[in-house]
Amino acid sequence: MSELQQTLVLVKPDGVKRNLIGEIIRRCEAKGYVVLDLKKIQPSRALLEEHYAEHVGKPFFEPLVEFMLSGDVVAIRLEGHGVIDGFRSLAGSTNPTSAAPGTIRGDLGREWGTKVVQNLVHGSDSPESAERELGLWF
Ligand code: DAT
Ligand code: MG
């Protein structure tokens, strides 16, 4: 049995530019999860470097930060039993080319030939990450 949890969902700049905020929130709500809080912001480089600290030193780190700085981001505090794994499952795997149909990344995403994969959404990957990331963004 899964605990009542909260997770951080981000609609990344590609999702905002493609007017997919509503479609992404619709999928979360249709699943039964509850939007407890949300905001549209232009994150600072410092916030993004902290958020993606686990990826410092990887070849896609700088392109990732630049991509996340390229437009507004929508941050969502999402709640539900098992929502941390549940949202990751709704989002699909990291690469949108191979993400399963039925998932956000699989249905709505594709590769665009960029150095960093643009895949519409972020979701926290563990209870520890969720607590840390929600503290950074809210
Ligand atoms: P996820 O967002 O599925 O948790 P991640 O945390 O490993 O994936 O990576 C963060 C983001 O960085 C990911 O959403 C897309 C990009 N990315 C990850 N691995 C990559 C790679 N090998 N090449 C290009 N971009 C990558
Ligand atoms: Mg991740």
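The values are calculated or read from the model by the stated rules, or taken from the named source; none is laboratory data. Predicted model only: the values in this text are computed from it and were never measured. When we count neighbours, we look across all protein chains shown, and the Cβ atoms used for this are built from the backbone with ideal geometry, even at glycine. Ligands, DNA and RNA are stripped out before the accessible areas are found, and what is left, the full protein with its side chains, is counted by its heavy atoms. Shrake-Rupley method; radii C 1.70, N 1.55, O 1.52, S 1.80 Å.
Would you say GLY86 is among the small types (Gly, Ala, Ser), surrounded by 20 or more Cβ atoms within 10 Å (Cβ to Cβ) and either modelled with pLDDT under 95 or part of a helix (DSSP H, G or I) (or both)? In short, yes. When GLY57 is tested against (1) without any contact (Cβ under 8 Å) to a residue 24 or more places away in the chain; (2) in a helix (DSSP H, G or I), exactly one condition is not met: (2). Does segment 43-51 contain any residue that is outside any strand (DSSP E or B), buried (at least 16 other Cβ atoms within 10 Å of the Cβ) and within 13 Å of the chain's Cα centre (by Cα)? Yes; the residues of segment 43-51 include at least one that is outside any strand (DSSP E or B), buried (at least 16 other Cβ atoms within 10 Å of the Cβ) and within 13 Å of the chain's Cα centre (by Cα). If the requirement is being in contact with a Leu (Cβ under 7 Å, 6 or more places away or on another chain), open to solvent by less than 30 Å² (accessible area, probe 1.4 Å), in contact (Cβ under 8 Å) with a residue 24 or more places away in the chain and under 17 Å from GLN118 (Cα atoms), which of these qualifies: LEU69, LEU10, LEU64, LEU20? Matching residue, one of LEU69, LEU10, LEU64, LEU20: LEU20.
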